[in-house]
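Report on the following structure.
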Amino acid sequence: MKLRPRLLVGSLIVAALGSLAIGWALAQDRNDGATSDDTELADDGGIPEPPSIETNAVVKGEQLPDVNVQSLDGIEVAVRSLVGQPMVINVWGSTCVPCRKELPDFAAAHLAFGDQVRFVGISFLGASDREESFARDRGVQYELLYDSDGGFVNDAGIAAFPVTLFVDADGTIVRQTGQLDEAQLTEFIQSDLL
């Protein structure tokens, strides 16, 4: 019977060493030809976040989901009732780092195009004064709504944030994107909505 515990311990050691060897080989393959000079620093001086994996459903060409979201005071708003003019819908949340970075750019684009295009922010977090203040403190003056029950996020197939939907006047989604800056917003609004 002493043979079995030794066999188990030996098997675990071999498995651990094999895992280390495979990890080392993968790391060498990933770094093949890379030098420390190849690493770009993020805006804050740190290492940038890795690129995100596209996990959102493709909704370009589809109609806006027929679901309700809420205003800060809890009033139900049908998303389809927002249709009627070109619209930019930014799905965001205060816990999302890229969302934080892009909100001032959306505020600036709203100032430039707000008379021609409706801007709507839909937070994937519940309605709260904290969430509202978070956006307002970053210059956002457009309509903010809340997807407290996740119905919009679910029906739009959103799994990674932020997401921006460019919607024509009849409610068809003509473009969907991830994080944007003001120049990209301007380009897409001019090419897709005006």
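The values are calculated or read from the model by the stated rules, or taken from the named source; none is laboratory data. Note that the structure is a prediction, hence the values are computed from the model and not measured. We place every Cβ from the backbone using ideal geometry, glycine too, and count neighbours over all the protein chains shown.
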When region 134-158 is checked residue by residue, the ones that are surrounded by fewer than 21 Cβ atoms within 10 Å (Cβ to Cβ) and closer than 25 Å to A183 by Cα are R136, D137, R138, G139, V140, Q141, Y142, E143
Those residues of region 72-102 which are surrounded by 20 or more Cβ atoms within 10 Å (Cβ to Cβ) and farther than 19 Å from R136 by Cβ amount to V79, M87
- Does D105 satisfy the condition of being assigned by TED's automatic domain parsing to the domain that holds V88 and loosely packed, with under 15 Cβ neighbours inside 10 Å? no
Checklist entry - Do we have any residue at all in region 52-64 that's polar (S, T, N, Q) and closer than 18 Å to V174 by Cβ? => result yes
Within region 130-177, residues polar (S, T, N, Q) and within 22 Å of D105 (Cβ to Cβ) come out as S133, Q141, T164, Q176, T177
Does any residue of region 67-86 turn out to be within 16 Å of the chain's Cα centre (by Cα) and modelled with pLDDT of 95 or more? no
Checklist entry - Hey, does region 26-48 have a residue that's modelled with pLDDT under 95 and either within 30 Å of G171 (Cβ to Cβ) or touching a Gly at 6+ places or on another chain (Cβ under 7 Å) (or both)? => result no
Hey, does region 186-194 have a residue that's closer than 19 Å to P65 by Cβ, among the polar types (S, T, N, Q) and either out of contact with any Pro (no Cβ under 8 Å at 6 or more places or on another chain) or in a loop (DSSP other than H, G, I, E, B) (or both)? no
Scanning region 157-171 for residues that are modelled with pLDDT of 95 or more and out of contact with any Gly (no Cβ under 7 Å at 6 or more places or on another chain) gives T164, L165, F166, V167, D168, D170, G171
